[in-house]
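Worksheet: one structure, shown below.
The values are calculated or read from the model by the stated rules, or taken from the named source; none is laboratory data. Bear in mind that the values here come from a model prediction, so they are computed numbers and not experimental data. Every residue, glycine among them, receives a Cβ derived from its backbone with ideal geometry; neighbour counts consider all protein chains shown.
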Amino acid sequence: MQSSTFQFAFALVRRAAFAILALVCSHEMALAQGLNTPGGGLVTVSVSNKGAATLYVAFTVQSGAPGPITWSGCTVTNNQAILTPGPTCTATVPNTAGPSRFCASTQPWPLGQTPNCWNAQRNNQTLIETNFTSGTGCYPTNQASCVWYDISVIPENCTNCDWQTNNCNNAGGVSYNVPVQLACSAAPTFTCQGPVGPIGLYNAKYPTKCGTVLTQPNCVGGPQSCLQAYFFPMFTSGSCPYPSNKPQPNAECLQGNTLVINFLSGP
């Protein structure tokens, strides 16, 4: 497992990358309280389960503690929203939540143990990374709230250099357990599905319907020929940097819009 220091640094760099990408793509803490904007300081999240098994969905902030989220339309037990196949749950998250993660499991966490999506890589779970923020954390900067989002299947100990060496074939196994799609109005839709199978020259195991990563495409979201998820950190500085002129698979959901999380059917 990555150390807590590494995870903290990883999150900070990722969040900085979000802001930089927004500026580069022209897509770019607190605002005055009197803004008359839909949702104000809250972001709406819609979560649905289109698969066959019941899912237990947790939301965790960077400290590892359960995040500030209010669920409606589903039962919540031990900080997990219980999503039976079919129905959609709606949730609201304050714009102060900051860097955070959603993760899902087909089994509930045992009572007495707190779900922690910051351990998702250790548990080989599909990782939905979010950053709920406002003002200068958004682009444009007059937003009362926004959320940045991405899918990550990065193995626990994977680095940029490991990816260049063997596609992180010996880095702890892919962080993937359920297929998922993320969407928001007027923003990229990311889709990552299995089955898990070998990719590339080193036959590393990753979900095979999770976009194209080996060729460093110039597009994100949408068709599978584009980037859909993080397979490795994609840091643009330090050892083995990823090209800074290439887009990264993250996007921003602006104020008044709903971040849609669809857990899909299939492997």
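Counting just the residues of segment 44-69 that are surrounded by fewer than 17 Cβ atoms within 10 Å (Cβ to Cβ) and within 19 Å of the chain's Cα centre (by Cα), which one comes out farthest from Gly266 (Cα to Cα)?
Across segment 44-69, the extreme among qualifying residues is Ser63.
If a residue has to be within 23 Å of Leu254 (Cβ to Cβ), assigned to a loop (DSSP other than H, G, I, E, B), in contact with a strand residue (DSSP E or B) (Cβ under 9 Å, 6 or more places away or on another chain) and not hydrophobic (A, V, I, L, M, F, W, C) to count, how many in segment 99-157 make the cut?
Number satisfying all stated conditions: 5.
Looking at segment 126-160 only, could you name the residues that are among the β-branched types (Val, Ile, Thr) and either surrounded by fewer than 24 Cβ atoms within 10 Å (Cβ to Cβ) or modelled with pLDDT under 95 (or both)?
Those that are among the β-branched types (Val, Ile, Thr) and either surrounded by fewer than 24 Cβ atoms within 10 Å (Cβ to Cβ) or modelled with pLDDT under 95 (or both): Thr136, Thr141, Thr159.
Which is in contact with a Gly (Cβ under 7 Å, 6 or more places away or on another chain) and of a type in the set (A, V, I, L, M, F, W, C), of Ala187, Ala229?
The conditions single out Ala229.
Regarding segment 195-213, can at least one residue be identified that is aliphatic (A, V, I, L, M), surrounded by fewer than 22 Cβ atoms within 10 Å (Cβ to Cβ) and in contact with a Gly (Cβ under 6 Å, 6 or more places away or on another chain)?
No, segment 195-213 has no match at all.
Looking at Lys209 and the list (1) out of contact with any Asp or Glu (no Cβ under 7 Å at 6 or more places or on another chain); (2) more than 26 Å from Asn119 (Cβ to Cβ), which single condition is not satisfied?
(2)
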